[in-house]
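Down below is the structure, laid out as structure tokens.
The values are calculated or read from the model by the stated rules, or taken from the named source; none is laboratory data. Worth saying up front: this structure is predicted, and the values here are computed from it rather than measured. Here Cβ is always computed from backbone atoms with ideal geometry, including for glycine, and neighbour counts include all displayed protein chains.
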Amino acid sequence: MWQEVSEVVARSLLVSGTATVLAASWSIPTAMFLAEKESAFRRVLLDVSNTLVGVPTVLIGLILYLLLSRSGPLGFFGLLYTPASIVAGEAILITPLIVSLSASVLREKRAEVWEMALSMGATERQASATMVAESLPRLLTAVLLGFNRAIGELGVALMLGGNIKGFTRVMTTAIALEVSRGEFELALTLGGVLLVVVFGITAIVRKVGKAG
Amino acid sequence: MIELKRVSFAYPRSCEDAIKNASLVFGPGVTAVIGPNGSGKTTLLKLAALLYRPRAGEVLIDGVSFWSMPDAAKVAFRRKVVYVHEKPIMLRGSVADNVAYGLRVRNLSSEDVAARVDEALEALGIKSLAREKAQALSIGQQQRVALARALAVRPKSLLLDEPTANLDKSGREEFMELIVGLAERGTCIAVATHDRLLALKLMDRAVIVENGTATLIENPEEASLV
Ligand SMILES: Nc1ncnc2c1ncn2[C@@H]1O[C@H](COP(=O)(O)OP(=O)(O)O)[C@@H](O)[C@H]1O
Ligand SMILES: [Mg+2]
């Protein structure tokens, strides 16, 4: 059993970690753009992002399933039921969360730090870099919360990954399966590990949040 | 030297101008910007600091209209002016890091940075705080750090927003000495303040701000305004 547990845990961390890195790579630049200045377009985009933060994971799963399935518009990539499709789905799932949290951090810092930086002689690029550096602890917090949502979600992993043993089975899909089979020991073990991971991340978030 | 020519400014989504048709020069020596809360002192200083773009009118720096310059030319002119916020804005990191900020963005060599940071800390009497975390200091100490950071870049114009609000009596006196010294060496200084005594002691001229209207008074004693 322990071999299976450790394999599933490792895959979960890898898949959700990759999804988080991917999501952060486009979410933080987007948040920087949204926080840069006030405009109707940016406000609408931010409202949309805020609305999508709580979007049900099964909905993302369904939409991506339709896109990626053999007959769907992106079917020719053959991504459905691969770890890559879970990565893509989770990255999309947590994008609004990271964008919204980061944008609010950056907007808060913007007014004052930006002015100070420019007045001290920074170029706009230097001022942006300073703003991001000043927001870093709380940006990291936003990214870690995204990771927590990714590793704990079931809808995307199940619908896009298909819970294939040794290939796309992750902690949440494994737990769901084991419970449905009445195998509570494995389910509880995995549940415990998931809890430790999520609590661990939350503890880091708290600590980092205080520093920023 | 900074000059405002018929400058008007409104905050976004506000229908009334916060500054109305202001024409003034912030020349050498000390200009005290006096007025009640909410009259527009901060707004006026930020316009002079080239941070706010006027809705109408021009801001001239050394005779050149700042907001009609190409973007690439702006930095060099902005570097002649420093504005210090009323509420000090400290970056993460040490006091020395904060004071070094303006020097680092100017790409000075690390020896020059170290020497100038030292000099500025000395001038403000906060050398002993150099390694402290800036954000953990008291507001009064942070205000000194902000001032040291401003002095380190040796600006031609220095715009200070309520600089003594969080200083005690001896801090105020030291501050006044510092300002007088800078003014004697040719820095153009503007100080927004409630502190009448401070204004009286320091100023060569006054700008009275009332409800967004700014009036320059060249001989405040004769006009018996304070
Ligand atoms: N960020 C802002 N957005 C909208 N209105 C503002 C903002 N800052 C200041 N104001 C308004 O502009 C006027 C002038 O404010 P300010 O320049 O801060 O005055 P002072 O520094 O003399 O207290 C006030 O009526 C104030 O309410
Ligand atoms: Mg003010």
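Grab the helices (runs of 4 or more DSSP H) fully contained in the stretch A:83-187, keeping just those with 3 or more residues being under 21 Å from A:ARG42 (Cβ atoms) and at pLDDT below 95.
The helices (runs of 4 or more DSSP H) meeting that bar are A:83-109, A:124-152.
Within the stretch B:145-165, is there a residue that is more than 14 Å from chain A (Cβ to nearest Cβ), surrounded by 23 or more Cβ atoms within 10 Å (Cβ to Cβ), more than 16 Å from ligand 2 (Cβ to nearest atom) and at negative phi?
Scanning the stretch B:145-165, I find no residue that is more than 14 Å from chain A (Cβ to nearest Cβ), surrounded by 23 or more Cβ atoms within 10 Å (Cβ to Cβ), more than 16 Å from ligand 2 (Cβ to nearest atom) and at negative phi, so the answer is no.
With the checklist (1) more than 8 Å from chain B (Cβ to nearest Cβ); (2) more than 15 Å from A:THR18 (Cα to Cα) in hand, flag the one item A:SER119 doesn't pass.
(1)
Please go through the stretch B:145-196 and give me each residue that is in contact with an Asp or Glu (Cβ under 9 Å, 6 or more places away or on another chain), assigned to a helix (DSSP H, G or I) and of a type in the set (Lys, Arg), ordered by number.
B:ARG172
Matching residues to (1) touching an Asp or Glu at 6+ places or on another chain (Cβ under 8 Å); (2) farther than 28 Å from B:GLU132 by Cβ:
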position: B:LEU24; (1), (2): yes, yes
position: B:ALA32; (1), (2): no, yes
position: B:ALA48; (1), (2): no, yes
position: B:TYR52; (1), (2): no, yes
position: B:LEU60; (1), (2): yes, yes
position: B:SER65; (1), (2): yes, yes
position: B:ALA76; (1), (2): no, yes
position: B:ARG79; (1), (2): no, no
position: B:PRO88; (1), (2): no, no
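Considering only the stretch B:52-69, how many residues are surrounded by fewer than 16 Cβ atoms within 10 Å (Cβ to Cβ) and within 16 Å of ligand 1 (Cβ to nearest atom)?
Residues in the stretch B:52-69 being surrounded by fewer than 16 Cβ atoms within 10 Å (Cβ to Cβ) and within 16 Å of ligand 1 (Cβ to nearest atom): 2 in total.
Provide a single number: the residues in the stretch B:176-226 that are away from chain A (no Cβ under 14 Å), within 16 Å of ligand 1 (Cβ to nearest atom) and within 14 Å of the chain's Cα centre (by Cα).
Adding up the residues that qualify gives 3.
Condition first: aliphatic (A, V, I, L, M) and in contact with a Pro (Cβ under 9 Å, 6 or more places away or on another chain). Now tell me which residues in the stretch B:147-197 satisfy that.
Listed by number, the residues that qualify are B:LEU147, B:ILE179, B:ALA183, B:ILE189, B:VAL191, B:ALA192.
Could you please find all residues in the stretch B:1-28 being touching a strand residue (DSSP E or B) at 6+ places or on another chain (Cβ under 7 Å) and of a type outside the set (A, V, I, L, M)?
Within the stretch B:1-28, B:GLU3, B:LYS5, B:ARG6, B:SER8, B:PHE9, B:ASP17, B:LYS20, B:ASN21, B:SER23, B:PHE26, B:GLY27, B:PRO28 qualify.
Over 16 Å from A:GLY121 (Cβ atoms) and assigned to a helix (DSSP H, G or I), is that true of B:ALA114?
Taking the combined requirement at face value, the residue satisfies it.
How many of the residues making up the stretch B:63-93 are more than 10 Å from chain A (Cβ to nearest Cβ) and closer than 16 Å to B:ALA165 by Cβ?
Count: 1.
Do we find a residue being surrounded by 22 or more Cβ atoms within 10 Å (Cβ to Cβ), in a strand (DSSP E or B) and modelled with pLDDT of 95 or more anywhere in the stretch B:117-125?
Looking for residues that are surrounded by 22 or more Cβ atoms within 10 Å (Cβ to Cβ), in a strand (DSSP E or B) and modelled with pLDDT of 95 or more, one finds none in the stretch B:117-125, hence no.
Please enumerate the residues belonging to the stretch B:5-48 that are outside any helix (DSSP H, G or I), touching a residue at least 60 places away in the same chain (Cβ under 8 Å), crowded, with 24+ Cβ neighbours inside 10 Å and more than 13 Å from ligand 2 (Cβ to nearest atom).
B:ALA22, B:PHE26, B:VAL30, B:THR31, B:ALA32
Being modelled with pLDDT of 95 or more and more than 16 Å from ligand 1 (Cβ to nearest atom) is true for just one of B:ALA49, B:ALA72, B:ALA96. Which residue is that?
B:ALA96
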